[in-house]
Every structure is written in C-alpha cells, then in structure tokens.
Amino acid sequence: MSLTLPKLDYKNTVSEIECFIREVLENSGAEGLVVGLSGGVDSSLTVTLCVRAVGSSKVLGLIMPSSFTPLQDVMDAEYMAKWLGIHTKKISITGISDSIFRELKCNREDPVYRVPMANVRARIRMLILYYYANLKNYLVVGTGDKSERLIGYFTKYGDGGVDLLPIGHLYKTHVRELSKYLNVPDRIAYKPSSPQLYPGHKATDEIPLDYDRLDPILYALFDLGLSVEETSVKTETPIEIVREIVRRFENSKHKRSLPLMIEK
C-alpha cells in the first residue's frame, strides 16, 4: 500500500495559524495585512485565516490580473473577498509588464523568454503588494505552501518576497483539506493549481507530479527522513522521479535562505 500523508487536526491547525498571524502582526507594529488574491486555493485559505485572526477591517485583498488571467479566477477572488467582507483593489499588471518587456526588447515568440517574463510578472505583483503595505503600514502575507517551498516552485523576490507565510508548513493536500473544513467552495479548494504567469500556465507543466502524488514523496523524504530508495518503494514511485524531486530541493536552497555572504 502506498504511503499517504497523516491526517491533519483541523481545529488545532487553524488555531495555531491564527495565533501565529496575530502574534506576528502585534510584534511588528504594523496595522494590518495585505494579501494577493488569485482565486486559487492557497490565497483563498490564507486570506480566510487572516480574517479569522485579525478581523476583516485589517485585511486588504489585491486582485492583480494579467491580460490572460481567466475570468473565473478573478470572479473567485472577488467572491472570496465579498464572502469575507474585506476591502479589495483590482490592479491590472498588463500595462506595467508590457512596458518592462518593451524596454527589455523581449521576444514573446522565443521560448527562452518565457520564464524570465513570467518571473517579472510575479515580481510586479510583489512590488504592488509592498506599495500598499508601505502606504497603509501593513504586512505582506505570503500564500505559498510547503509543497511549493520544498521544490522551489516560487519566484525569488516575487511570490517569495513576503513578511510571513501562514500556510508555509502545510502540504498542498492539507491546504485543500483545510480549505474545505473552513467552507471555501469546492470549485476553489480543488481547483487545479495554476500560477498563470504565462498564457495557459499550469503547475503540472513545471512540477514532476501533481500534488496528490508529490506530497507523499516530500513527506517521506523530509518528514520521515527516508532515503531515495526507501521513498521510491514506499510511495510506489519510479526512483528517477524521486531523484528529480531531491535535485529540485537541492538546487532551490538559495531561494529559501538569506543571500550568501562572507561572514566576518
């Protein structure tokens, strides 16, 4: 039988995260929280927990679509904001990104530009989040989860540029389950992951396996401390895929730490 993740204690997990959010906010001297709303499960769970922790009046949601962001994602982000009773601002990043790409002479037809342009879009969203955070004396709340963090599936100084990560210790599988527990609609809780940093962008384009298969492997490697060989057997996964996941973890260590420097 293939290895599965342990069951989450939903009530205690929610309480722990709410306490963490309140403590970080209180210790910072900031007055509220700003969250980027994508209409996906991670941001929807994060903003729900923020509102439960500090109240809707202290949470600002930013919806930052590009020209190819699906309308349903925008509608889902707006739904969450309305359901939670938070203020929102919708800022298109298309004009900003187009201006940058024009100055950099990016060739949109050349595949070599796809990832650099995608990361620019993520960093534009970070800049907008911090603009409003600075304007209102708020903290920027990250929406990344443990699955993405371990394999480096985020943009350095983009969606990785935040002040706190309330769900950074939860695997995507648990994020979906906890969202369901907190009454996030199924269409959002179980929506296929899609960063939408280029047209048609899906997470499964870039990660070795979908999260229902990826998470048990990560759990075996990093929580249970199993070897690559043991993980391959326990999760019934080809050893080449497990090695690829370990490679991604090793190669993305720089994204999870402060800049390297000579210590004196």
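Some notes on this structure:
- Among L214, G144, H174 the positive-end extreme of the charge dipole of segment 117-232 (Cβ point charges): G144
- Residue pairs exceeding 26 angstrom between C-alpha atoms, taken from K146/K264; K11/K253; K90/K191; K11/K89: K146/K264; K11/K253; K11/K89.
- Neighbour-count order for M117, M64, fewest beta carbons within 10 angstrom listed first: M117, M64
- The slack in the chain from D110 to D212, taken as 0.36 nm per residue of separation less the alpha-carbon distance, amounts to 33.4 nm.
- Here r is the Cβ-Cβ distance between R22 and M261 and R0 is 30 Å; the resulting FRET efficiency, rounded to 0.05, is 0.35.
- For E240 and L135, the FRET efficiency from 1/(1 + (r/R0)^6), where r spans their Cβ atoms and R0 equals 51 Å, is about 0.55.
- Under the span-like rule (Cα at least 15 Å along the axis, Kyte-Doolittle mean at least 0.5), DSSP H helices of the chain: 41-54
- Taking a straight line from the alpha carbon of K7, these aspartates and glutamates sit under 15 Å away, with near neighbours fewer than eight places off in the same chain left out: E177, D212, D215, D223.
- Local charge for L139 was computed over the other residues whose Cβ lies under 14 Å away, with Lys and Arg +1 and Asp and Glu -1, and equals -1.
- 11 Å cut-off, amide nitrogen to a point 7 angstrom out along R187 Cα→Cβ, residues in segment 53-79: 72-77, 79
- Over segment 100-154, the hull volume per residue, using the convex hull of the C-alpha atoms, is 92 Å³.
- Selection of chymotrypsin sites (Phe, Trp or Tyr not before Pro), segment 1-100, meeting DSSP coil and at most 13 other Cβ within 10 Å: F68
- Spin-label model, L127 to E103: label points 7 Å out along the Cα-to-beta-carbon direction sit 0.7 nm apart.
- Value of Rg/Rh across segment 1-117 [Cα atoms, Kirkwood radius]: 1.10
- Counting only the Cα atoms, segment 10-203 fills a convex hull of 109 Å³ per residue.
- Treating each Cα of segment 147-229 as one equal point scatterer and applying the Debye formula with no solvent, the log10 of I(q)/I(0) at q = 0.22, 0.24, 0.27 Å⁻¹ comes out as -1.28, -1.39, -1.44.
- Two-decimal Rg/Rh across segment 51-110, once Rg and the Kirkwood Rh are taken from alpha-carbon atoms: 1.15
- For the chain, the 222 nm mean residue ellipticity estimated from helices alone, with every DSSP H stretch of n ≥ 4 adding -39500 (n - 2.57) and the total spread over all residues, rounds to -15000 deg cm²/dmol.
- In a reduced charge model with +1 at each Lys and Arg Cβ and -1 at each Asp and Glu Cβ, segment 26-162 shows a dipole moment near 200 debye about its Cα centre.
- Residue order, fewest to most beta carbons within 10 Å, for L5, L71: L71, L5
- Under 13 Å, Cβ to Cβ, from D98 - net charge with Lys/Arg +1 and Asp/Glu -1: +3
- Charge dipole of the chain (Cα centre as origin; +1 on each Lys and Arg Cβ, -1 on each Asp and Glu Cβ, all else neutral): 640 debye, rounded to the nearest 20.
- S15/K82 FRET efficiency (R0 22 Å; Cβ-Cβ; nearest 0.05): 0.30
- Between segment 135-160 and segment 40-94, the C-alpha centres lie 15 angstrom from each other.
We did not get these values from a lab; they are worked out from the coordinates using the rules stated. Source: prediction; values computed, not measured. Cβ coordinates were reconstructed from backbone atoms using ideal geometry, including for glycine residues, and neighbour counts include every protein chain displayed.
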